[in-house]
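What follows is calculated from the coordinates using simple rules that are stated; it is not laboratory data. Note that this is a predicted model, so its numbers are computed, not measured. Here the Cβ is made from the backbone with ideal geometry for all residues, glycine too, and neighbour counts use every protein chain on show.
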Amino acid sequence: MPGLRILQVVSGLAVGGAERQLVLLSRELQRRGHRVLIYALNRQLALAADLDGCDVEVFADQKRTRLDPQVLTRLRRKARAWGAQLAHGWLYDGNVYTRMALFGLGIPVLNSERSDDYRLNWLQRLGYTLTRRIPVALVANSQAGLAFARRLHRLPAERAHLVRNGIDLAATQSAAAAAPSLRATWWPGEEIRVACLVGSVTPPKDHLLALETAARLHARDSRWRFVFVGSLDACAGSLRAVQARVRDLGLETICRFAGERRDALAHIAAADVLFSSSREEGFPNVVLEAMACGTPVASTEYSDIRGILPFDWQVARARSAVRLATAIERCLLEKDVVARAQRLWVEQHATAQHAAETLESVYERYALRQ
């Protein structure tokens, strides 16, 4: 079967979970014989370098307003001139821009859902409401997200599809190779146990619960240390609250805030445990990365996480610092058993090849045939 011409539309290629998946899948789809064009709606292109060495095209536009008519016009022209056989929108902007720009061209439109059970602001809700009659199909990366998106967009089951995130196992192992030297720089000369959390400081990630958990663990065993990786600029109010809580709990000397890092995977591999205190997620890349590189994961309950982690006890049954701390301690005690089970799950369910094959089958169902 000849390859497809696939137009991917996304806000930008900044460092984020959805953007990283888009880059990974685009590379894999190109390798499988398809042509891929990523149309970025802004010029934040940090991840574009990850496409070096492959033939995925990137076109960077720059929207000046929330809904920029000139960008809509340029996107419409580009889709038609490039000969797109389908278009896939990523994140809210990608979803709405593909709906509006491609309306009437006959190019099938797919939208995406990367989380679940969140609140849209009034402008986002208005955008979806005004474009609801434009026919789309949908791809979600979790069962919970799929159910949420079907309700939100009022889609029938046959137009909603599950494509779980994938991971490049070889690239993961390569990136993790830097872990020992990185860990040696954290608290040199101290005998430590390290728990790592990866995520921007925003309310959905609930760093306040993470800090309460850190305080509990350190009170039980003074060797515990904590590394937080992720943007500190995403929400000023959340950052101030986190900084205040660190001081209140007296955690200044045992917590490191590394900010947004391209080597986040090395931080995960260098830690004894990856933990998540999130309130809402879709299918978290960082959990897959930890599972692939041998770092056990402890988590709060959200989305499909209980179906991803191999042992039920890895997921705290309540949003409690005590419960999450206990799960982290058990992860350390049973590290080898957990690491083997996690790696096996990734190999069976979440490789880049598996994700691309599943997405490819969805695309082939809708794509225009030339």
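At 7 Å along Cα-to-Cβ for each site, give me the label-to-label distance between Trp82 and Gln348 in nm.
It is 3.8 nm.
Could you compute the FRET efficiency for Arg154 and Ala219, with r as their C-beta to C-beta distance and R0 at 41 Å, rounded to 0.05? Please list the in-between numbers first.
Details: r = 49 Å, r/R0 = 1.20.
Given R0 = 41 Å and the Cβ-Cβ separation, E is 0.25.
Given the rule -39500 (n - 2.57) for each run of at least 4 DSSP H residues, summed and divided by the residues of the chain, what is its mean residue ellipticity at 222 nm, to the nearest 500 deg cm²/dmol? It would help to have the intermediate numbers written out before the result.
Working: 15 runs with 164 residues, N = 370.
Helix-only estimate at 222 nm: -13500 deg cm²/dmol.
Under a cut-off of 24 Å between alpha-carbon atoms, report the lysines in cross-link reach of Lys63, not counting same-chain residues fewer than 8 places apart.
Lys63 reaches Lys78.
How far apart, in nm, are two points set 7 Å out from the Cα along the Cα-to-Cβ line at Ala171 and at Arg261?
Each label point lies 7 Å from its Cα, and together they span 1.9 nm.
Identify which of Ala214, Ala177, Ala40 has the largest mean-square fluctuation in a Gaussian network model of the chain, with springs joining Cα atoms closer than 10 Å.
Looking only at Ala214, Ala177, Ala40, the largest GNM fluctuation is found for Ala177.
Could you let me know the centre-to-centre spacing of the range 12-27 and the range 84-99, using Cα atoms, in angstrom?
14 Å
Based on Cα coordinates alone, diagonalise the gyration tensor for the range 169-349, multiply each eigenvalue by 5, take square roots, and list the semi-axes in whole Å, largest first.
Numbers: eigenvalues 100, 68, 55 Å².
One finds semi-axes of 22, 18, 17 Å for the range 169-349.
Using the 10 angstrom Cβ neighbour count as an exposure proxy, how do Glu360, Glu334, Glu19, Glu212 rank, fewest first? Don't skip to the end; give the middle numbers.
Values: Glu360 22, Glu334 15, Glu19 25, Glu212 19.
In order of increasing Cβ crowding within 10 Å: Glu334, Glu212, Glu360, Glu19.
With equal scatterers on the alpha carbons only and no solvent term, can you work out the Debye log10 of I(q)/I(0) for the range 226-300 at 0.12 1/Å?
-0.37
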